[in-house]
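The values are calculated or read from the model by the stated rules, or taken from the named source; none is laboratory data. Here the structure is a predicted model, which is why all the values come from computation and not from measurement. Cβ sites come from the backbone with ideal geometry, for glycine too, and all protein chains shown count toward neighbours.
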Amino acid sequence: MKRFLLIVNSIKGEAAFEVCRRIENAIESKGGSCHKTSGFVHKEDIPGDTECAIVLGGDGTLLHASKDLMDCDIPLIGVNFGHLGFLADVDADSVEQMVDRLMSDDYAVEERMMLEASVRREGKEVFSDSALNDIVIGRSGIMAVIDFKLFVNGIRLNSYKADGIIAATPTGSTAYSMSAGGPLVKPSAQLIVMTPVCPHTLNTRSIVLEKDDVIEIEICQSKPAETGESGYVYFDGNIGTPLYSGDIIRIRKSKNCTKVIKLDSRSFLEVLRRKLNNNEDSQT
């Protein structure tokens, strides 16, 4: 590949722009071309011959880019300026080697499953969106809980009073779902993990569902006098969309996927060990 889109998270400061300049110089010195942008990416501004998007930031920046480029069929690779970096896993000191491998076609491409969801209110769809990591149903206030019912393929599975519930992809299993006690899943898997957040019940376990299952979450009104928002729905941590009593959120596997370029030949378990056990690795 020779034609690249460089996406820089400007919040990361001058360090990110300096690394961007290094990448640009390395690409152009080998006869390639770059189109640079920061912040949100507008599809109409992307050159039609773009072969790869290089994202400089952290996992959150790459999540935003995956949504912006969802219909473009452009693989992404992330340069990490964040923390753990499960998605953006190229070190800033290694960008010249990254460019060498990309332009030599020495890499692998993983297709990551995505989720889509719609919010129905009084029988009408009022909102829909997609997510690479997770879709989170959360409470409306600091001291509040959200009351909801969970259905899978039309069958009522459980009722909850909780801070919320997370529907995670395998990619998102190492994010919020993990922090809430959910299982870690290989990103190449095809399944959906449902993890309640601080449920007011003894049933706190995650539920692992098949990729083609259809999940519905019905928002209930716990007190007749309650008005206003009963909760919010978040897609990959973006600004929440209000939910009201009676709303139904339908979640299913998206027809789209995100293509992620991988240069690291180590298995997911090896990478997981390195990410989560830095102290141990520093002694081996």
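Miscellaneous remarks
- For region 108-138, filtering for residues that are at pLDDT 95 or above, of a type outside the set (S, T, N, Q) and not in a strand (DSSP E or B) leaves 1.
- Residue within region 131-153 that is loosely packed, with under 15 Cβ neighbours inside 10 Å and more than 18 Å from Gln221 (Cα to Cα) present: yes
- In region 111-129, the qualifying residues are those that are surrounded by 17 or more Cβ atoms within 10 Å (Cβ to Cβ) and not basic (Lys, Arg), and the one that is farthest from Met70 (Cα to Cα) is Val119.
- Scanning region 37-65 for residues that are among the hydrophobic types (A, V, I, L, M, F, W, C), outside any loop (DSSP other than H, G, I, E, B) and within 21 Å of Ile239 (Cβ to Cβ) yields Val55, Leu62, Leu63, Ala65.
- Residue selected from region 144-194 under the condition of a type in the set (Lys, Arg) and over 18 Å from Val260 (Cβ atoms), by the criterion modelled with the lowest pLDDT: Lys161
- Only a single item in (1) in contact with a helix residue (DSSP H, G or I) (Cβ under 7 Å, 6 or more places away or on another chain); (2) more than 21 Å from Leu115 (Cα to Cα) is not met by Val41, and it is number (2).
- The set of residues in region 17-36 that are touching a strand residue (DSSP E or B) at 6+ places or on another chain (Cβ under 8 Å) and either assigned to a loop (DSSP other than H, G, I, E, B) or at pLDDT below 90 (or both) contains only Gly32.
- Of Arg205, Arg156, all but one fail to be free of Cβ contacts under 8 Å to residues at least 12 places away in the same chain, surrounded by fewer than 17 Cβ atoms within 10 Å (Cβ to Cβ) and in contact with a strand residue (DSSP E or B) (Cβ under 7 Å, 6 or more places away or on another chain); the exception is Arg156.
- Residues of region 195-228 that are modelled with pLDDT of 85 or more, part of a loop (DSSP other than H, G, I, E, B) and not small (Gly, Ala, Ser): Cys198, Pro199, His200, Arg205, Lys211, Asp212, Asp213, Val214, Cys220.
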